[in-house]
């Protein structure tokens with residue numbers, strides 16, 4: 001039985017070696033990546049029984065995704081698309097170096113998950129799950145994906161799960177106005193909200209510092225817990241009338257993609273272990289730092305490694 005269930009798209013990631021251009025390099029490294037499966041992988045590495053729900057093409061690319069996720073300890077529960085138009089979304093990553101930024105090129109339009117319907121998915125995996133997690137990326141993919149996201153959030157609530165949602169705004173998928181309308185329609189079915197500060201400001205229209213935005217988000221949408229991430233300034237959480245703050249864990253950066261997902265996975269894993277939100281934020285910070293040391297979208301770690309990072313950075317874990 002799953003403790004954590006996530007729902008979303010996973011894509012094939014193709015990237016040339018660091019320092020090379022997509023338009024000139026002949027060889028590409030192939031990995032998989034997707035916000036919700038990244039969260040599931042991070043949590044699984046920390047001992048959480050994790051399931052990923054999605055729809056995939058019934059071809060070698062879809063089977064590759066399943067094989068990789070299983071290798072990371074995640075249980076993929078998928079609807080298989082055997083239509084002639086079945087396809088796996090792809091994205092190309094060209095890593096930058098100062099002053100050239102990292103660039104992402106999506107080729108995901110019409111991927112199999114854009115046709116997903118609720119009745120195609122095995123919703124029985126929600127029975128007994130403690131947390132259901134998805135992100136604002138998924139409803140941006142298509143009307144069908146948006147409807148299924150709403151249905152699953154509702155079903156998760158009926159099953160007694162805590163419903164976790166990460167805004168995760170992607171400007172290449174939709175406008176801020178479209179995103180805001182969709183987010184607000186889902187918030188009544190969300191218990192725990194992860195909100196990057198930039199998204200809360202640019203998409204939801206909030207002004208002020210992270211603390212005041214966290215208070216207002218919780219109040220405006222009757223959310224149990226709001227976690228605001230602030231980049232290099234760390235994170236904070238507002239719950240039960242209390243505010244908790246957490247700095248970042250310093251470290252080197254090899255690949256920053258997936259850092260936010262690792263943070264979410266770390267937080268959820270520690271909440272599922274029974275810790276309070278203050279401790280969970282510290283685990284999220286350590287998970288984010290560890291992810292930045294690894295190539296690819298996913299955090300491959302263990303609880304022992306993560307706690308060793310916390311010990312080194314804080315002089316001990318507060319329990």
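What residue, of 296, 251, is surrounded by 15 or more Cβ atoms within 10 Å (Cβ to Cβ), within 30 Å of residue 28 (Cα to Cα) and out of contact with any helix residue (DSSP H, G or I) (no Cβ under 9 Å at 6 or more places or on another chain)? Full working, then the answer.
Details: 251 fails: out of contact with any helix residue (DSSP H, G or I) (no Cβ under 9 Å at 6 or more places or on another chain).
Of the residues listed, the single one that is surrounded by 15 or more Cβ atoms within 10 Å (Cβ to Cβ), within 30 Å of residue 28 (Cα to Cα) and out of contact with any helix residue (DSSP H, G or I) (no Cβ under 9 Å at 6 or more places or on another chain) is 296.
May I ask you to verify whether residue 215 is modelled with pLDDT of 95 or more, out of contact with any helix residue (DSSP H, G or I) (no Cβ under 9 Å at 6 or more places or on another chain), more than 19 Å from residue 38 (Cα to Cα) and surrounded by fewer than 18 Cβ atoms within 10 Å (Cβ to Cβ)? Steps first, please.
Numbers: modelled with pLDDT of 95 or more: yes; out of contact with any helix residue (DSSP H, G or I) (no Cβ under 9 Å at 6 or more places or on another chain): yes; more than 19 Å from residue 38 (Cα to Cα): yes; surrounded by fewer than 18 Cβ atoms within 10 Å (Cβ to Cβ): yes.
Criteria met by residue 215.
Matching residues to (1) surrounded by 24 or more Cβ atoms within 10 Å (Cβ to Cβ); (2) modelled with pLDDT of 95 or more; (3) in contact with a strand residue (DSSP E or B) (Cβ under 7 Å, 6 or more places away or on another chain):
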| residue | (1), (2), (3) |
| --- | --- |
| 12 | no, yes, yes |
| 39 | yes, yes, yes |
| 50 | yes, yes, yes |
| 57 | no, yes, yes |
| 60 | no, yes, no |
| 74 | yes, yes, yes |
| 80 | no, yes, yes |
| 87 | no, yes, yes |
| 90 | no, yes, yes |
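Return the residues of the stretch 92-116 that are under 16 Å from residue 28 (Cα atoms) and either out of contact with any strand residue (DSSP E or B) (no Cβ under 8 Å at 6 or more places or on another chain) or surrounded by fewer than 16 Cβ atoms within 10 Å (Cβ to Cβ) (or both); say none if nothing qualifies. Lay out the reasoning, then the answer.
First, the residues of the stretch 92-116 that are under 16 Å from residue 28 (Cα atoms): 92-96, 102-107.
Correct list: 96, 102, 103, 104, 105, 106, 107.
Can you tell me which condition residue 105 does not meet? The list is (1) part of a loop (DSSP other than H, G, I, E, B); (2) in contact (Cβ under 8 Å) with a residue 12 or more places away in the chain; (3) over 25 Å from residue 265 (Cβ atoms), and all the others hold.
Every listed condition holds for residue 105 apart from (1).
Please pick out the residue among 244, 215 that is in contact with a strand residue (DSSP E or B) (Cβ under 8 Å, 6 or more places away or on another chain), part of a strand (DSSP E or B) and more than 21 Å from residue 137 (Cβ to Cβ). Spell out how you get there, then give the answer.
Numbers: 215 fails: part of a strand (DSSP E or B).
The match here is 244.
Just to check your reading of the model, which residue among 134, 149 is in a helix (DSSP H, G or I), closer than 22 Å to residue 50 by Cα and at pLDDT 95 or above?
Working: 134 fails: in a helix (DSSP H, G or I).
Step by step, each of 134, 149 is checked, and only 149 is in a helix (DSSP H, G or I), closer than 22 Å to residue 50 by Cα and at pLDDT 95 or above.
How many of the residues making up the stretch 5-32 are closer than 23 Å to residue 145 by Cβ and in contact with a helix residue (DSSP H, G or I) (Cβ under 9 Å, 6 or more places away or on another chain)?
So in the stretch 5-32, the residues closer than 23 Å to residue 145 by Cβ come out as 5-14, 31-32.
Subsequent filtering for residues that are in contact with a helix residue (DSSP H, G or I) (Cβ under 9 Å, 6 or more places away or on another chain) retains 5-12, 31-32.
Qualifying residue count, the stretch 5-32: 10.
How many residues are within 20 Å of residue 256 (Cα to Cα) and either without any contact (Cβ under 8 Å) to a residue 40 or more places away in the chain or part of a loop (DSSP other than H, G, I, E, B) (or both) if we restrict to the stretch 68-102?
The number of residues fulfilling the criteria is 8.
State yes or no: is residue 247 modelled with pLDDT under 95 and more than 27 Å from residue 74 (Cα to Cα)? Steps first, answer last, please.
Numbers: modelled with pLDDT under 95: no; more than 27 Å from residue 74 (Cα to Cα): yes.
So residue 247 fails the test.
Any residue at all in the stretch 28-38 that is assigned to a loop (DSSP other than H, G, I, E, B), within 20 Å of residue 107 (Cα to Cα) and in contact (Cβ under 8 Å) with a residue 12 or more places away in the chain?
Here is the first cut: in the stretch 28-38, the ones assigned to a loop (DSSP other than H, G, I, E, B) are 28, 34.
Those left that are additionally within 20 Å of residue 107 (Cα to Cα): 28, 34.
Still in the running and in contact (Cβ under 8 Å) with a residue 12 or more places away in the chain: 28, 34.
Taking every residue of the stretch 28-38 in turn, at least one turns out to be assigned to a loop (DSSP other than H, G, I, E, B), within 20 Å of residue 107 (Cα to Cα) and in contact (Cβ under 8 Å) with a residue 12 or more places away in the chain.
Quick one: residue 9 ticks every box in (1) under 20 Å from the mean Cα position of the chain (by Cα); (2) in a loop (DSSP other than H, G, I, E, B); (3) within 30 Å of residue 274 (Cβ to Cβ) except a single one, so which number is it?
(3)
The values are calculated or read from the model by the stated rules, or taken from the named source; none is laboratory data. Values in this document were obtained by computation on a predicted structure and should not be read as measured data. Positions of Cβ are backbone-derived with ideal geometry, glycine not excepted, and every protein chain shown enters the neighbour counts.
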